[in-house]
Amino acid sequence: MTKEEREALEKLINEQMEKSLKPFLQIKRPDGDTDDRSEVDKLFPSLGEFVRDVSCVKPSEETAKKLIAYKEILKKEMSMDSDPAGGYLIPTKHREGLLQVGPEEAIVRPRAFVIPAGNPPDAALEMPLLQQSGLADQEHGDLYGGIWFGWTAEGEAKHETEITVDVVEYKPNEWSGYCVLTDKVLRNAKQLEAIVKQKYREGLIGFEDYHFLLGTGVGQPMGVIHSPATIEVARAGTDAIVFADINNMIDVFLGESKAVWVINKACRSQIIALADAAGNSIWIQGNIAKKIPDVLCGIPIKWTYKVPALGTRGDIGLFDFSKYIIKDGYGPAFATSKHVYFLSNRTALKMFGNVDGKPWLKGSLTADDNVTEISPFVVLNTDTA
């Protein structure tokens, strides 16, 4: 058989096999169904329609069937029902739109290490934390989690050491937010979608940022400003921020490639006036229209009123949020209550969910010089040096 005959035969065989297998490889839909969307998208094509349907106090027969079908999908796909408190988990497609925020919108979440909800979504998660203390003959601090490195001469015994493995536990805490809407608005899917995507989303972003920065860790996230892993730098001047403060903070900061300043916006005039010993400005103005941030010593600035006021501990901080872990839990979800506002034709629309957050460290680290304490979280203290 010639080469041409062999190639022609192979082509014929392949065509016949493809023709024979094609009916078995095609996805068959019910007769008349040409809709490529997922089952959830068919039930709720938009976020507004989802909120409208789940907020109905007396749903129509059609709406009731949609809600029952959605609950069955949750049971099948996620092994969960609607929240025990009463409410409906926002479909994944729309939920991602609420939680995915850019670095221009939020401070912490887009820069943090975010762990999505698992199954069950609110279960506690233990993340391994490598720690070491007082290793014999250690020459380079404790940045390497108890792993000893050294030189071994020929014939000598290799050095032995133990890695002390500790854990940081993340257990999502419940949050909630609500506003009172007229029944007329609740019946309008487009208006509802605009309210949820703008006001509820803005509120959630601000709420999270505040607690990821200033949370106490009791029934809420542990904010970086109050964390034991954060280093406090003594202030050089009373109720002021001076050039020496900036230098001293950078000296003990770990993680420059992902660094960001978080500064109270009321401190802006002082930051703009900062200059080095030669009188050169260390602040560079950005461009909001082009999404270019202001820069201080080559590090971008996030201005906010969510940190303490000028002269107070934490009015300026230098952070690497990639060392901050956010553990998402159940949610966001929506629930409604009409009872309180029944006579005024208004309904309380509540959005709720679960989240935790805290630094991946329990304390500062010793640098390679075995003297300097460093951390990815540094704040300026109230006390003067």
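All of the numbers you see were taken from the coordinates with simple rules; none came from a lab. Computed from a predicted model, the values in this text were never measured in an experiment. Because the Cβ atoms are built from the backbone with ideal geometry, glycine has one as well, and the counts that use them run over all protein chains shown.
Could you give the length gained on full extension between Lys75 and Val185, defined as 0.36 nm per residue of separation minus the Cα-Cα distance, in nm? All intermediate terms of the calculation are to be shown ahead of the outcome.
Working: separation 110, 0.36 × 110 = 39.60 nm, distance 3.04 nm.
In short, 36.6 nm is gained.
Take each of the peptides 176-189, 215-228, average the number of other beta-carbon atoms within 10 Å over its residues, and list them starting from the highest.
Order by mean packing, descending: 215-228, 176-189.
Would any residue of region 250-273 have its amide N under 17 Å from a label point 7 Å out along Cα→Cβ of Ala367? List them or say none.
250-259, by backbone N distance to the label point.
Would you please give the FRET efficiency between Trp151 and Ala278, computed as 1/(1 + (r/R0)^6) with r the Cβ-Cβ distance and R0 = 30 Å, to the nearest 0.05? Please report the intermediate quantities before stating the final value.
Working: r = 43 Å, r/R0 = 1.44.
In this case the efficiency is close to 0.10.
Would you grab the residues whose amide H sits under 5 Å from the one on Ile326? Only those 5+ places off in sequence or on another chain, please, with H modelled 1.01 Å from N.
Under 5 Å from the amide H of Ile326 lie the amide H atoms of Phe113, Val114, Ile115, each far enough along the sequence or on another chain.
Would you work out the relative contact order for region 173-384, in percent, from Cα pairs under 8 angstrom that are 6 or more residues apart?
On the way: 403 pairs, mean separation 69.2, N = 212.
About 33 percent, as a whole number.
Please list, by residue number, everything in region 208-240 whose backbone N is under 17 Å from a paramagnetic label point 7 Å out along Cα→Cβ of Ala266.
214, 238-240
Between Thr238 and Thr382, how many nm apart are label points set 7 Å from Cα along the C-beta direction?
The two pseudo-label positions are separated by 1.4 nm.
Under 5 Å between amide hydrogens, which residues at least 5 positions from Asp122 or on another chain qualify, with H placed 1.01 Å from N in the peptide plane?
Under 5 Å from the amide H of Asp122 lie the amide H atoms of Tyr330, each far enough along the sequence or on another chain.
Using each residue's phi in region 58-64, evaluate 6.51 cos²θ - 1.76 cosθ + 1.60 at θ = phi - 60° and report the 3J(HN,Hα) Karplus result to the nearest Hz, with x for Gly and Pro.
10, x, 5, 4, 5, 5, 4
For Asn173, enumerate residues with amide H under 5 Å from its amide H, sequence gap 5+ or separate chain, H modeled in the peptide plane.
When sequence neighbours closer than 5 places are left aside, the close amide H contacts are Val355, Asp356.
Taking R0 as 35 Å, what FRET efficiency do you get between Ile288 and Thr216 from their Cβ-Cβ distance, rounded to the nearest 0.05?
0.60
When ranked by the protection proxy of mean other Cβ atoms within 10 Å per residue, highest first, what sequence do the peptides 272-278, 244-250 form?
The most tightly packed comes first, giving 244-250, 272-278.
Which value, to two decimals, describes the C-alpha radius of gyration of region 173-384 once divided by 2.2 N^0.38 Å? Don't jump to the answer; show the numbers that get you there.
Working: Rg = 20.9 Å, N = 212, 2.2 N^0.38 = 16.8 Å.
Compared with the compact-globule rule of thumb, region 173-384 sits at 1.24.
Working out 0.36 nm times the residue gap between Ala309 and Thr63, then minus their Cα-Cα distance, what length gain in nm do you get to one decimal? The partial results should precede the final answer.
Numbers: separation 246, 0.36 × 246 = 88.56 nm, distance 4.97 nm.
The span from Ala309 to Thr63 would gain 83.6 nm if fully extended.
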